[in-house]
Amino acid sequence: MKLLEAEQAVLGGILLRPEAYHRVADVLGEEDFTHRDHVAIYRALRHMLRDGDAVDFLTVGDWLAGKGFAHLGPYLIDLVSGTPSAANITAYAGIVATQAERRRVQAAGERIAHVESYAEAQAMLAAVRPQQVARLKTATDGLREMVDALQARFEADSIVTGVPTGLDTLDVLTGGWQAGDLVGIGGATSSGKTAFALQAAIAGGRCYYASLEMMASQLFERVVCNVGQIPYRYVRFPKEAPDTFLQSLNAGAALARELPLIVDDQPGLTCDQLCARARQLHMAEPLKMMVVDHLNLVRRPRKNSASELGEIAIQLKNLAKDLRIPVLLLVQLNRESKKGDNKRPELEAFRDSGEIEEALDTAVMVYRDEYHNPNGPLKGYAEFIVRKQRAGERNVTAWARSILSEMRFEACDEPERSTAAAEGNNGAGDFASRFGTRRQSQGGSGVR
């Protein structure tokens, strides 16, 4: 079918069955029509149906006459007589929309050839993207999708239904990071947020890691230590390292080289810039997840407005839904946000960072008791406390051994505190748990 005929079939179908307009309104805009008269007719139909006016070739002709298009009266009759029915109107609308998108791509290509900045070119390409809403779904549609998702869970090889978190104990509680979710990772300074986020990125697949604090080289030092189980102190002070260090370093670097991890260490990015870069990467090859490290360093025009942090969180949530990937958002909490002996952060701690709590689908707090009790029975352990989870339990804890001397965590059972207290944890990082294993880790942590 020719484009002109498809445009005529769309307009004629709406004139025959005005309710058919709502089947194509999310696909077509008046700018998608090529003929000036067709643009005017579609605009008339849109305005009249929006205002609840009766629509037929006579009433539309009167509306157009009032706008200076009286000559279109006879053409409206031709459109009605030339369209047998509105049954295939969505197919006709698809032809019109596809051709319109093709024209926009060609026009953008011509303009891009004359621009001088990458940002301008990216904005032009973004404007080409069709601006249409998702199809509304009936109960039958929703139930069908629910059954498909349930079947996929039954057939899955593991409990993880989303992107692995990097900790088996946390996977058990969450099923992994879920597509479309904004996940807040909160913790005090030096609690291990970045080490955990990197471990999640390593486990998750193709990941865009926006590092607003550390340089890429610093992050990849931590990645190599994580995958190679290399003491970080040896990377910082190689003269102290044993003779086997270079061999271990090369092995770790070889593993890191194979990771689909994309690090962006440009400081001072705005949320718009972060989202634009994520979309660009996703168009080139679909992402599995995204990490923003961290919220408090995203550049804000108003700088001192706490509400801007909430706006950033909402924008990242919309990005997660649009790309259908989980977005991990690291949040640095006030170390004095909770008074008393129990320093485990509550969900309310996020409120000190700009009212972002409402935008989060999942909130995980990273807590290491040894930060507050250096010689306590939980030295060498970390708690990942799930304070919020839209589709699961709240206020549950995943335990892990804190091996931050190698920039990593290992999932474990909740420690038997009496045993831990009896056996102790020395300064090098020994610890015991119900797993019945001990590990001697080397060097200092230098944790972030």
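Each value in this text was obtained by applying a stated rule to the coordinates, not by laboratory testing. Values in this document were obtained by computation on a predicted structure and should not be read as measured data. Glycine gets a Cβ as well: all are built from the backbone with ideal geometry, and neighbour counts include every protein chain shown.
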> Among 175-182, 308-315, 288-295, what's the highest-first ranking by average C-beta atoms within 10 angstrom per residue?
Replying inline: 288-295, 175-182, 308-315
> Which of the peptides 274-282, 101-109, 71-79 is most tightly packed, and how do the rest follow, going by the mean number of other Cβ atoms within 10 Å of each residue?
Replying inline: 274-282, 71-79, 101-109
>> A 28 angstrom limit on the alpha carbon distance is what I want to check against. Which of 343/388; 193/379; 239/288 exceed it?
In response: 239/288
> If we sort 10-18, 262-270 on the protection proxy, mean other Cβ atoms within 10 Å, highest first, what's the order?
Replying inline: 10-18, 262-270
>> Suppose R0 equals 45 Å. What FRET efficiency, 1/(1 + (r/R0)^6) with r the Cβ-Cβ distance, do residue 375 and residue 106 give to the nearest 0.05?
In response: 0.05
> Roughly how many nanometres apart are two label points built 7 Å out from the Cα toward the Cβ at residue 324 and residue 255?
Replying inline: 3.2
> So if we plug the beta-carbon distance of residue 59 and residue 39 into 1/(1 + (r/R0)^6) with R0 = 25 Å, what FRET efficiency do we get, rounded to 0.05?
Replying inline: 0.85
> Under 11 Å from a point 7 Å along the Cα-to-Cβ line of residue 307: which residues of the stretch 316-335 have their amide N that close?
Replying inline: none
> At a Förster radius of 30 Å, what calculated FRET efficiency corresponds to the Cβ-Cβ distance of residue 139 and residue 283, to the nearest 0.05?
Replying inline: 0.35
